[in-house]
Every structure is written in C-alpha cells, then in structure tokens.
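J.: To start, I am sharing the structure in question, which I have written as structure tokens.
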C-alpha cells in the first residue's frame, strides 16, 4: 500500500519520451522485471525479465544481468539516456543492482 502511494507520487514527476524513455522496474519475491516505456505513445520499447536470464546465483546477481540486458537492447535501438523509475521501491538491493548493471551496459540516468 505504501509502495503504491510512493509510486503514484513519483509518476507525477517522471515522464518518458521516445528519445529518453522511462526505465520502469517491478520486482516480485522471486524475479525482477524491467521495461523501457515511451509515455507519449504509451508503448513498451523493450522488456527483460530475470527468469529469461540464464545465470545462476543470487537474485542480486540476476538483477545486475537484467540491467545489462536491458542496456544492450536499448543501445541496439539507439537509446543512450533513460529516466529511471524505481516504482516506489527503495534504491537498495536488487533495484540498485539493476541500475548499476544498466549503467555498466552504457545507459545514462
């Protein structure tokens, strides 16, 4: 409930365009999902889920690989800059690992 309220408050300030899409993060108990969203067209440009990543190990490691994978998809589409939307989650643990992986992959935010 509190996370949803934080997410709504954040989303009033964050907006993604085709040149600078929104990197949205969702995490469940087992997996983490991220997508690049163009809010002007209301379309998803790229999507990565941790269950599709063939790495073994901790969830934090899978999250970092997920960030690198979304960065790779973004650079293939010519996207270098994004707006990071943590969806009300604390910037800690898996969310932070995903952000660091995306930065290592070449995304700027």
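The values are calculated or read from the model by the stated rules, or taken from the named source; none is laboratory data. Keep in mind that this is a model prediction, so the values were computed, not measured. So basically every Cβ, Gly included, is an ideal-geometry build from the backbone, and we count neighbours across all protein chains shown.
J.: Hey, among the residues in region 21-53 that are part of a loop (DSSP other than H, G, I, E, B) and within 20 Å of residue 96 (Cα to Cα), which one's modelled with the lowest pLDDT?
T.: 53
J.: While we're on this one: Just to be sure, is residue 18 free of Cβ contacts under 8 Å to residues at least 40 places away in the same chain, touching a strand residue (DSSP E or B) at 6+ places or on another chain (Cβ under 6 Å) and in a loop (DSSP other than H, G, I, E, B)?
T.: So residue 18 passes the test.
J.: Let me ask you something else. Would you call residue 63 assigned to a loop (DSSP other than H, G, I, E, B), within 10 Å of the chain's Cα centre (by Cα) and surrounded by 13 or more Cβ atoms within 10 Å (Cβ to Cβ)?
T.: no
J.: Sticking with this one: Could you check residue 42 against (1) in contact with a helix residue (DSSP H, G or I) (Cβ under 9 Å, 6 or more places away or on another chain); (2) free of Cβ contacts under 8 Å to residues at least 12 places away in the same chain and say which number it fails?
T.: (1) is the only condition that residue 42 fails.
J.: So residue 99 clears everything in (1) loosely packed, with under 14 Cβ neighbours inside 10 Å; (2) in contact (Cβ under 8 Å) with a residue 12 or more places away in the chain; (3) under 13 Å from the mean Cα position of the chain (by Cα) except one condition, right? Which one?
T.: Exception for residue 99: condition (1).
J.: Still on this structure, please answer the following. Quick check on residue 60: is it in contact with a strand residue (DSSP E or B) (Cβ under 8 Å, 6 or more places away or on another chain) and free of Cβ contacts under 8 Å to residues at least 40 places away in the same chain?
T.: Taking the combined requirement at face value, the residue does not satisfy it.
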